[in-house]
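One structure follows; several queries about it will come next.
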Amino acid sequence: MSKKFIYKTCGVIGILGCVAVLATDLIGIALHEAHNPIKNTISMLAIGKYGWIQDLGLDILAIGFLALAIGFYSWKSSGTKWIIGLIILVLISVDLILIAEHNQYAGRPGDKIHRKLVYALALLFPALVLLISFDLKSLKPYLKKFSFWIAGLWLVLAPLLPLVPDSINGAYERLVCALIVIWLGTVSYNLIYAYRKTEKS
C-alpha cells in the first residue's frame, strides 16, 4: 500500500468526520422539535428518540481523528512531541466514542462520566494542537500559526463555557466545538497532499 494512498484515504476520512458531525447536528436539530440550538447543548440533542443521529456523528468524527493519527504516523514516525501528539489523537478518538455512548446522561443525574469525558476532551485537544504544531510546519508552513491560533482561541473560550448564560449555552458550545472541526478539517485536507512533500524530499 503506497503512502500516497494512505495520505489521501486518511485525509478524506478526517474531512468526512467533520462533515458528518456537522450534518448530524443539523439533522438532529430539524427532527428534535423540542431542541433549541441556541439554548440547548449538543449533548442534550443526543437524548431521546433521535439521539442516535448525534451519536453517529460523534462516532464518525472519532474515526476521523483515528484516521488522522494513522495518516500522520505514516507521514512521520519520530520525535517525542510528535509521537505524544499522535497518542493524544487516538485518545481523543476513544474519548469521543465514549462521549457518544454516555451522553444520554447529559444534564441528568448520573452524568459524572459524561462530564469527565468532556473535560478530558477540553484538555486533550489544545495539548494535541500545540504538541504537533511545530512538525505540521513541514507539511504546510501556515499550519503552525494556524494551530497556535486554534489552541489560543480554545484556551480563551472553552474555560468560559460554564459561565455563559443558559439562554445561549448551546450556541456558545457550538462555537467552541467548531474549533475542533475547523482544525481537523484543515489538517486532514493538507494530509491528502502530503505525498507531494515526500516526492520532493
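Say R0 is 30 Å: what FRET efficiency, to the nearest 0.05, do Ile113 and Leu22 get from their beta-carbon distance?
Rounded to the nearest 0.05, the efficiency is 0.75.
Let me know the whole percent of all Cα-Cα pairs from the chain that are separated by more than 30 Å.
I get 21 percent for the Cα pairs in the chain exceeding 30 Å.
Students often forget the sequence filter, so: which lysines lie under 18 Å Cα-Cα from Lys137 once same-chain residues fewer than 8 apart are removed?
Cross-link targets: Lys76, Lys81, Lys145, Lys197, Lys200.
Suppose every K and R has +1 on its Cβ and every D and E has -1 on its Cβ; what is the size of the dipole of the chain about the Cα centre, in Debye to the nearest 20?
The dipole magnitude comes to about 920 debye.
Using only Cα positions of segment 60-172, each an equal point scatterer, no hydration layer, compute I(q)/I(0) via Debye at q = 0.10, 0.11, 0.14, 0.20 Å⁻¹ and quote the log10 values to two decimals.
Here the Debye-derived log intensity ratios amount to -0.35, -0.42, -0.66, -1.14.
A further question on this structure: Hey, with R₀ at 30 Å, roughly what FRET efficiency would Ile84 and Leu163 work out to, going by the Cβ-Cβ distance, to 0.05?
With R0 = 30 Å, the Cβ-Cβ based efficiency is 0.45.
May I pose another question? Counting C-alpha atoms alone, how compact is segment 14-60: give Rg to one decimal and Dmax as a whole number, in angstrom.
Both quantities, over Cα of segment 14-60: 10.0, 31 Å.
A further question on this structure: Let me check I've understood the local charge: for Ser147, count other residues with C-beta under 14 angstrom from its C-beta, Lys and Arg +1, Asp and Glu -1. What total comes out?
+4
Turning to a different aspect of this structure: Quickly estimate the mean residue ellipticity at 222 nm for the chain, helices only: each DSSP H run with n ≥ 4 gives -39500 (n - 2.57), and the total goes over all residues, rounded to 500.
So the calculated ellipticity at 222 nm is -26500 deg cm²/dmol.
Per residue Cα convex hull volume for segment 13-108, in cubic angstrom?
Hull volume over Cα atoms, normalised by residue count, gives 94 Å³.
Only the coordinates and a few stated rules stand behind these numbers; no lab work does. If you're wondering where the values come from, they're calculated on a predicted model, not measured in any experiment. All Cβ positions, glycine included, derive from the backbone under ideal geometry; neighbour counts span all protein chains shown.
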